[in-house]
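Chemist: First the structure, which I've put down as structure tokens, then a few questions once you've had a look.
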Amino acid sequence: MKANEDQSGPNRKTLMWYLYLISMVLLAFTGFGQMPIYKRYYISDIPGLAWSADFYTTHLIHYIFSALFLGIAAYVVFDHLLLKKKRFALTLSGFIRSAIIAGLVATGLLLVIYNFSGVAFPMWAAATLLVAHMTLAMALIAAGFIALIGRKPWVRAIN
Amino acid sequence: MSHQISRRLFLKGGLAAAGTLAASSIPAAASITDGTGHLATLLDISKCIACGACVEACSETNQSKYPEPEKPFPKMVPSRAKNVDWSEKRDVDDRLTPYNWLYIQSTYVEHNGEEHEVNIPRRCMHCTNPPCVKLCPFGAAEQLKNGIALINDNLCLGGAKCKTVCPWKIPERQSGLGIYLDILPKFAGNGVMYKCDRCYDRIAQGEQPACIEACPEDVQTIGPRDDIIRQAHALAKEMNGYIYGEKENGGTNTIYVSPVPFDKLNKAIEKGKGKPHLKPVKDHMADGNNLAAALAIAPIAGIAAAVGKFYKMTK
Ligand code: SF4
Ligand code: SF4
Ligand code: SF4
């Protein structure tokens, strides 16, 4: 192994991993907060969480952490393709989570476009995108927990 | 009569294209409407005599769209969520309700040493980029290609987010009907939201909205947004008046022209539940849409970082 070769296995808890976790938690929280539930269920009564009932605020935070998440995702994908592809391969769990994330990114970007002035989607399209985005988010949370409990890594070393 | 016919013809000829697209067919894909595809209404409020013919016409025409709730209502959990019932108060016409999508806001104001009686027909503004539609978490609201903002009573759960995000708090809830009854009636949703749908079904058939047709004073005019804006400015110039709705919330398809400034009117009118204000309104969707640029830049930065690392390691 060359001295300057990247030693960090992609399964290590790197800075990227923590940023990924933070953005996931905030995306999930602000994403579910697009439904009118935090006020009804007293979440916004919790000290420090009053903002969670403000849809425009949660919408902005969702965008900010989407940007952070897209940055991380682009970095990880390119880092893998450029440096790690020969040594690591995606596991089944990693493949499933990557596919779910790809779906979330695609539906999310379409919803960003939908929000622009002058863009009108037929109702079935908007409803389908929203339900798909929400279902994929729940699938990712489930896959994340299964991976955590079953200790399933994203990638495995290629011998 | 000839006036009626000419208005009809105008609608049929000039607007049919935009109008029929509205509801007759479900468009196959997303559409970009640069605002020019939108229909707007001009309301010359110096003409309104508060006769209420428009309010009555709206109610008669849209009767079949009004809610018929099932009772008793499900008990809400937690109790903070309250049932809202207007079904026993269908006649209320001095505010917006699920059974009254249009009302006349009347007031007296002094301006330039003159006392003005001002009557303002109030209903949904049909924003050019409607937050009620764009932010509905279930996609239960739709903006038609002609700009009409529409809530679908078959999909709406009645969570009232549309009302919360509406700068004028227009949509009104009726509990006891809608798909929430088939899901978790106690725990999620609370009915269906109602508001002016600008008689989208009549427009699709080349007819005018009922309130416009019924008005004896020709207070309202409907037409392509660009034309309406032009007419509004001409009218405002003529009466030395003021415009509301052109820029509010980034632009709406309801343009009021008044001989009295709107800040004076806003102070004078009765405001509150079901009684919208006339304040200046910033573009509510703008902050999010401006941030969208970050969504484009972030992945480029991520790729640049990965490539930078690659070069460093392979040097
Ligand atoms: S005025 Fe309110 S209800 Fe009407 S289109 Fe605008 S946001 Fe929606
Ligand atoms: S456009 Fe139609 S629904 Fe809207 S206020 Fe007029 S009559 Fe009522
Ligand atoms: S029908 Fe015309 S004049 Fe009468 S209240 Fe309505 S807008 Fe005013």
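Chemist: How many times 2.2 N^0.38 Å is the alpha carbon radius of gyration of chain B?
Modeler: Against the compact-globule rule of thumb, the ratio is 1.13.
Chemist: For chain B, what is the calculated [θ] at 222 nm in deg cm²/dmol (nearest 500), taking -39500 (n - 2.57) for each run of four or more DSSP H residues and dividing by its residue count?
Modeler: Result for chain B: -9000 deg cm²/dmol, rounded to the nearest 500.
Chemist: Over 20 Å intervals from 0, what percent of Cα-Cα pairs in the protein assembly as shown sits in each interval?
Modeler: Percent of Cα pairs in each bin: 22, 48, 23, 7, 0.
Chemist: Using a 10 Å cut-off on Cβ to Cβ distances, tally the other chain neighbours for every residue of A:80-88 and report the average as a whole number.
Modeler: Neighbouring Cβ atoms belonging to other protein chains average 2 per residue here.
Chemist: How far apart, in nm, are two points set 7 Å out from the Cα along the Cα-to-Cβ line at residue A:49 and at residue B:117?
Modeler: Going by the 7 Å Cα→Cβ label model, 5.4 nm.
Chemist: Taking all pairs of distinct Cα atoms, average 1/r, flip it, and tell me the Kirkwood hydrodynamic radius of the stretch A:81-127 in Å to one decimal place.
Modeler: Across the stretch A:81-127, the inverse of the average 1/r is 13.3 Å.
Chemist: Something else now. Can you list, bin by bin at 10 Å, the percent of alpha carbon pairs in the stretch A:86-159, starting at 0?
Modeler: 19, 37, 24, 15, 5, 0
Chemist: Another question about this same structure. Please work out whether the stretch B:206-315 counts as rounded, prolate or oblate from its C-alpha gyration tensor, where a ≥ b ≥ c are the square roots of the eigenvalues and a/c under 1.5 means rounded, while otherwise a/b larger than b/c means prolate and anything else oblate?
Modeler: Here the stretch B:206-315 falls in the prolate category.
Chemist: So who's got an amide H within less than 5 Å of the one on residue B:155, skipping anything under 5 residues away but keeping other chains? H placed 1.01 Å off N, in plane.
Modeler: none
Chemist: Let me ask you something else. Test of understanding: ordering B:127, B:48, B:54 by Cβ neighbours within 10 Å, fewest first, what list do you get?
Modeler: By the 10 Å Cβ count, ascending, the order reads B:48, B:54, B:127.
Chemist: Note down the nm distance, to one decimal, between modelled labels 7 Å out along Cα→Cβ at residue A:124 and at residue A:106.
Modeler: Those two pseudo-labels are separated by 1.9 nm.
Chemist: Can you give me the long-range amide H partners of residue B:127? Hydrogens built in the peptide plane at 1.01 Å from N, cutoff under 5 Å, separation of 5 or more residues or another chain.
Modeler: Long-range HN contacts for residue B:127: B:253.
Chemist: How big is the stretch A:13-85 along each principal axis, measuring the range of its Cα positions in Å and listing the largest first?
Modeler: Here the spans come out as 48, 21, 14 Å, largest first.
Chemist: Further, regarding this structure: For residue A:119, which sequence-distant residues (separation of 5 or more, or a different chain) have an amide H within less than 5 Å of its own amide H, given hydrogens modelled in the peptide plane?
Modeler: B:33
Chemist: Nearest 500 deg cm²/dmol is fine: what mean residue ellipticity at 222 nm does chain A get from its DSSP H runs of n ≥ 4 alone, each adding -39,500 (n - 2.57), divided by its residue count?
Modeler: -20500 deg cm²/dmol
Chemist: Now a separate question. Measure out, as a whole number of angstrom, how far apart the alpha-carbon centroids of the stretch A:66-94 and the stretch A:109-159 sit.
Modeler: 17
Chemist: Determine the shielding of peptide B:80-91 by partner chains: average, over its residues, the number of Cβ atoms on other chains within 10 angstrom of each Cβ.
Modeler: Partner Cβ neighbours, averaged per residue: 1.
Chemist: Residue by residue, what Karplus-based ³J(HN,Hα) values in Hz, rounded to whole numbers, does the stretch B:47-63 have, using 6.51, -1.76 and 1.60 with θ = phi - 60° and x for Gly and Pro?
Modeler: So the Karplus estimates, Gly and Pro as x, are 8, 6, 9, 6, 6, x, 4, 5, 5, 5, 4, 4, 5, 5, 5, 9, 2 Hz.
Chemist: Also: Exposure proxy check: A:59, B:277 ranked by fewest other beta carbons within 10 Å?
Modeler: Listing A:59, B:277 from fewest to most nearby Cβ atoms yields B:277, A:59.
Chemist: Which ³J(HN,Hα) values in Hz, rounded to whole numbers, follow from the phi angles of the stretch B:126-142 under the Karplus curve 6.51 cos²θ - 1.76 cosθ + 1.60, where θ = phi - 60° and Gly and Pro get x?
Modeler: Here the 3J(HN,Hα) series is 6, 3, 5, 10, x, x, 4, 7, 5, 9, 4, x, 10, x, 7, 10, 9 Hz.
Chemist: When the convex hull of the C-alpha atoms of chain A is computed, what volume per residue in Å³ does it have?
Modeler: So the per-residue Cα hull volume is 145 Å³.
Chemist: Are any of the pairs B:195/B:237; B:75/B:134; B:65/B:282; B:163/B:282; B:161/B:273; B:161/B:237 more than 27 Å apart by Cα-Cα distance, and if so, which?
Modeler: Checking Cα-Cα distances, B:195/B:237; B:75/B:134; B:65/B:282; B:161/B:237 exceed 27 Å.
Chemist: Taking neighbour counts of Cβ atoms within 10 Å as a proxy for exposure, in what order, fewest first, do B:39, B:278, B:135 appear?
Modeler: B:135, B:278, B:39
Chemist: So what are the ³J(HN,Hα) numbers for the stretch A:130-143, from phi and the Karplus equation (6.51, -1.76, 1.60; θ = phi - 60°), rounded to whole Hz, Gly and Pro as x?
Modeler: 5, 5, 5, 4, 5, 5, 4, 4, 5, 5, 5, 4, 4, 4
Chemist: Between residue B:106 and residue B:297, with labels modelled 7 Å along Cα→Cβ, what's the label distance in nm to one decimal, could you check?
Modeler: The answer from the label model is 5.5 nm.
Chemist: Moving to a separate point now. Using the 4.7 Å Cβ rule, please list in number order the cysteines from the protein assembly as shown without any candidate partner.
Modeler: For the protein assembly as shown, the answer is B:48, B:51, B:58, B:127, B:136, B:156, B:166, B:199, B:215, because their Cβ atoms have no other cysteine Cβ under 4.7 Å.
Where a number appears in this text, it was derived from the coordinates with a stated rule and is not lab data. If you're wondering where the values come from, they're calculated on a predicted model, not measured in any experiment. Glycine also receives a Cβ, built like all others from the backbone with ideal geometry; neighbour counts cover every protein chain displayed.
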